[in-house]
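Structure, as structure tokens:
The values are calculated or read from the model by the stated rules, or taken from the named source; none is laboratory data. As the structure is a computational prediction, the values presented were derived from the model and not from experiment. Neighbour counts run over all protein chains shown; Cβ positions are idealised from the backbone, glycine included. Remember, those area values only see protein heavy atoms, side chains included, never the ligands or the DNA or RNA. Shrake-Rupley method; radii C 1.70, N 1.55, O 1.52, S 1.80 Å.
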Amino acid sequence: DFKSGADRKTGFKQLDFLSGGIYSGLYVIGGISSVGKTTFTHQLADQIAASGSHVLFFSLEQSRLEMICKSLARCAEQINEQEAATSLQIRKGKTNKTIAQAVKQYAETTAERMSVIEGNFKCTVGFIREYAARYIQRNKVKPVLVIDYLQIMTAEVDPETGRKPTDPRAIADYIARSEERRVGKE
């Protein structure tokens, strides 16, 4: 399983050069509010999907529409900087030749392997695990999972303590250890 994910590249040349790409495991991207963590991670996910890997992007804060419009704005910028539009402008209905090209390009290169799943404050590790398992069974591939963002996920009752963590740090710890506990029982 580890080897099967070894060839995944992020699409960021310098990051891929320094890291050798991404491997199976948990990666956490942190930073203060509004520094672009979601935008960076979403672009990374789009680039992974464009390179041929399937991606499940669980967006717990922003809608699927917002995320797709970010992708289209990025594509439009790469096609023609002068005619590009922001994701907000695209959501409000702005269209032109460049945006139409961006839609076509995204559909042809990325959309088939990039799934944005809208979550909410009730999204749990169990929901994500079940969703991913169904996706793997249906598509016969092991996708990259992105959770945006970890701190607003809801924790389930911890089987070790019999309690549901409520402190944000305890929730993050529970979520990070969740898969480890499940795998250890198999």
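Please work out which one of (1) at pLDDT below 95; (2) under 24 Å from ALA100 (Cβ atoms); (3) not charged (D, E, K, R) is the condition GLY25 fails and give its number.
With respect to (1) at pLDDT below 95; (2) under 24 Å from ALA100 (Cβ atoms); (3) not charged (D, E, K, R), GLY25 is out only on (2).
Within region 99-118, identify whether any single residue is at pLDDT below 95, open to solvent by 50 Å² or more (accessible area, probe 1.4 Å) and within 17 Å of the chain's Cα centre (by Cα), and answer yes or no.
The answer is yes; a qualifying residue exists.
Only one of these is in contact with a strand residue (DSSP E or B) (Cβ under 9 Å, 6 or more places away or on another chain) and closer than 30 Å to ARG134 by Cβ: LEU72, LEU56. Name it.
Of LEU72, LEU56, the one residue that is in contact with a strand residue (DSSP E or B) (Cβ under 9 Å, 6 or more places away or on another chain) and closer than 30 Å to ARG134 by Cβ is LEU56.
Among the candidates GLU77, GLU66, GLU61, single out the residue that is open to solvent by 20 Å² or more (accessible area, probe 1.4 Å), of a type outside the set (A, V, I, L, M) and free of Cβ contacts under 8 Å to residues at least 12 places away in the same chain.
The match here is GLU77.
List pairs: first residue in region 81-99 and more than 12 Å from ILE68 (Cα to Cα), second residue outside any helix (DSSP H, G or I) and aliphatic (A, V, I, L, M) anywhere in the structure, Cβ distance under 7 angstrom, at least six positions apart or on different chains.
Between residues of region 81-99 that are more than 12 Å from ILE68 (Cα to Cα) and residues that are outside any helix (DSSP H, G or I) and aliphatic (A, V, I, L, M), the close pairs are LYS94/ALA85; THR98/ALA84; ILE99/ALA85.
For region 125-145, check the following and say yes or no: at least one residue is at pLDDT below 80 and open to solvent by less than 80 Å² (accessible area, probe 1.4 Å).
no
Among the residues of region 117-169, how many are among the charged types (D, E, K, R), within 21 Å of THR41 (Cβ to Cβ) and touching a helix residue (DSSP H, G or I) at 6+ places or on another chain (Cβ under 7 Å)?
Looking only at that region, the number is 3.
Only helices (runs of 4 or more DSSP H) wholly contained in region 50-167 count here; list those with 3 or more residues that are over 23 Å from TYR27 (Cβ atoms) and polar (S, T, N, Q).
The qualifying helices (runs of 4 or more DSSP H) are 97-109.
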